[in-house]
Structures are given as structure tokens and as C-alpha cells.
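Asker: Mind having a look at this structure? Questions to follow.
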Amino acid sequence: MRVGSIGGPRQVLAAALAAMREGGIEVVACSRIRTSRPLGPSLRLYANSAALAETRFPPEEMLAALQDLEARFGRKRRGARWRSRPLDLDIVLWSGGMWHSPRLVIPHPLFRDREFVTGPAAEIAPHWRDPATGLTLRQIAARAV
């Protein structure tokens, strides 16, 4: 089932969070939604948020569930990298620490350098530690600004 046109980036994000809840991913906490400029050639503004979620899915199944959700919102994975997309869901950290497979690396390799990730993440889990650096999300967010 594909989600129809539901509005701008903030509405898409709110609808995606609701869809996560319906898909067996319990959203325990969610940061406020922030607007950010794109990385790369995309021209549109994006809405960013972080969610603390609980699920029975192991990391690779969680990734598959998130990618299925992105597809429902119209994301296409073919074509140019960094192009405009209606929804981009990433697994940044997880309670099991580090994970590495051909399809998925946790912590997300670039999250520490992206204020639009670290700011929202620190808002909902300021004391959560990055298993690679030992720094808290609050410390990482302070460095990313």
C-alpha cells in the first residue's frame, strides 16, 4: 500500500511516525521536528526528527521494515545518490552497541557530523553513548554545531 500525497515534509514525517507504530515499531520518544537544508544537489528543505523506538526486529529486519516504509511514502532507491526524496529513515544507534554487515553499519557512519541528526537525538537521549567513541549524544551534538 502506497501512501498518497499527504503534504509537506513535516506532515510526511508525522505520518511516517504513525505508520511505524502501526508496523510493530513502538515509538517511545520523539524529538521536535526541525527544518534543515539538504546535503548534495537537492533543492528542497527537509524535516528532521529522531525517534527512540522499541521493536522485536533485529537490526537487519528493522532496516528492511524502514525501507519498506520509505517505499510506501514514494522513495525510490534507484538513480542518482543524494537526490530529493520524500522520506529517509536511518538506524543511527541501537541498544546492542555496534553492528556491521554488508547492508548495515551501526552506529551510522556519518551521524556524528550531521547536526540535523545529533541535535534531535540528543534531545530525546542526551546520555546515550556512542559505542564507537564513548561520547554521549549531548557531547556529540555540542561538537557538531
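All of the numbers you see were taken from the coordinates with simple rules; none came from a lab. Source: prediction; values computed, not measured.
Asker: So between Ala144 and Ala18, what do we pick up on full extension, going 0.36 nm a residue minus the alpha carbon distance?
Answerer: Values: separation 126, 0.36 × 126 = 45.36 nm, distance 2.90 nm.
Length gained, Ala144 through Ala18: 42.5 nm.
Asker: Using 0.36 nm per residue, how much length does the chain from Thr35 to Ile6 gain when fully extended, once their Cα-Cα distance is taken away?
Answerer: 8.7 nm
Asker: Of Arg75, Arg32, Arg44, which is the most mobile in a GNM of the chain whose springs link Cα atoms less than 10 angstrom apart?
Answerer: The residue with the greatest mean-square fluctuation here is Arg44.
Asker: Checking the a/c ratio against 1.5 first, then a/b against b/c, what shape does the Cα gyration tensor give for the stretch 13-78?
Answerer: Details: a/c = 2.15, a/b = 1.38, b/c = 1.55.
Oblate shape, in that a/c is at least 1.5 and b/c is the bigger or equal ratio.
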